[in-house]
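Presented below is the structure to which this report refers.
The values are calculated or read from the model by the stated rules, or taken from the named source; none is laboratory data. All of these numbers come straight from a predicted model, not from anything done at the bench. Cβ sites come from the backbone with ideal geometry, for glycine too, and all protein chains shown count toward neighbours. For accessibility, only protein heavy atoms count, side chains too; no ligands or nucleic acids. Shrake-Rupley method; radii C 1.70, N 1.55, O 1.52, S 1.80 Å.
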Amino acid sequence: MRKTTRNHKQAWRGPLLVLTAVLCCLAIAILATIWATRHTQPKPQSKPETVKIVFPAKFMKGFLEEGQTTEQYVRKYRDNVVPEWYTDFYATKDGNEVIVVTHKQLQTRIKDNEQDAKDTVNRFLALDPAYRCEIDPDGREMTIWADKNLSSAGFGDLMLNIPQNYGLNHYLKGGHGDWDMHITIRNCHTNQLITSFYNSQGFSYDQQTFWN
């Protein structure tokens, strides 16, 4: 009887070992499949966070053509918006301009504005070795030294691009409220004060009479 029981146990030991090995292999295969699935399937991409930046209507007046509203301005340039700059771009009923940007777009726009301002100053300085231009770090004060040879085009390039780029970056960097730039013009040979004015006031440059 004991011998029969022993033989019976030995008869089941083989199949049990095989079954155990199969189950172990199956478990390993399942775990490997789960690991591979988790590490090969792309994770759903979350949309980058955005921030709204408001350019006040008073500031936007410097960008508008005569008789043009902020809404018309936005409509005109919306299709030409640089994709690297904005996620959205619209006007409000009170004349403000609003942009929606990601952090990356915001940094790109700031750098582009800084480069455009730098290029504008370099073009001005290249007109004459005696010409100079100084701008405060906050962009609220600019002094230029030039003379009667400064063309209307050279003057206009400086007066348009510098205030616009520094003004835009004021708001892009988190500034609020009114922004303006005070501009002073001096004779580059005598340092004589020629004129000073705020950008928001506008200024008409007559090359023939300006320096007299």
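Across segment 138-149, which residue is nearest to the chain's Cα centre (by Cα) among those that are open to solvent by 60 Å² or more (accessible area, probe 1.4 Å) and closer than 20 Å to His176 by Cα?
Once the filter is applied, the top-ranked residue is Asp138.
Which ones in segment 175-195 are in contact with a Ser or Thr (Cβ under 9 Å, 6 or more places away or on another chain) and either among the charged types (D, E, K, R) or exposed (fewer than 14 other Cβ atoms within 10 Å of the Cβ) (or both)?
Listed by number, the residues that qualify are Asp178, Asp180, Arg186, Leu193, Thr195.
Enumerate the pairs (first residue in segment 72-98 and under 23 Å from Ile110 (Cβ atoms); second residue anywhere and open to solvent by 50 Å² or more (accessible area, probe 1.4 Å)) with beta-carbon separation below 7 Å, excluding pairs fewer than 6 apart on the same chain, so at least 6 apart or on different chains.
From segment 72-98, the pairs are Val74/Tyr90; Thr87/Thr50; Phe89/Arg78; Ala91/Glu71; Asn96/Val54; Val98/Lys52; Val98/Val54; Val98/Tyr90.
Looking at (1) among the charged types (D, E, K, R); (2) within 21 Å of the chain's Cα centre (by Cα); (3) modelled with pLDDT of 80 or more, which is the only condition Asp94 fails?
(2) is the only condition that Asp94 fails.
Every residue in segment 62-78 that is among the hydroxyl-bearing types (Ser, Thr, Tyr) and at pLDDT 85 or above, please.
The answer is Thr69, Thr70, Tyr73.
If we only count strands (runs of 3 or more DSSP E) wholly inside segment 40-137, which ones have 3 or more residues that are exposed (fewer than 13 other Cβ atoms within 10 Å of the Cβ)? If you could, list the steps in order and put the result at the bottom.
Numbers: elements: 50-55, 88-91, 97-102, 132-135.
Here the list is empty.
Run down Asp180, Asp157 and say which single residue is assigned to a loop (DSSP other than H, G, I, E, B) and not β-branched (Val, Ile, Thr).
Asp180
With respect to the numbered conditions (1) touching a residue at least 60 places away in the same chain (Cβ under 8 Å); (2) at positive phi, which one is the sole condition not fulfilled by Gly67?
Status for Gly67: all satisfied but (1).
Taking into account only those residues within segment 196-205 that are touching a residue at least 12 places away in the same chain (Cβ under 8 Å) and farther than 22 Å from Pro129 by Cα, which is surrounded by the most Cβ atoms within 10 Å (Cβ to Cβ)?
Asn199
If you check Leu168 against the conditions, is it of a type in the set (A, V, I, L, M, F, W, C) and not in a helix (DSSP H, G or I)?
For Leu168, the condition - of a type in the set (A, V, I, L, M, F, W, C) and not in a helix (DSSP H, G or I) - is not met.
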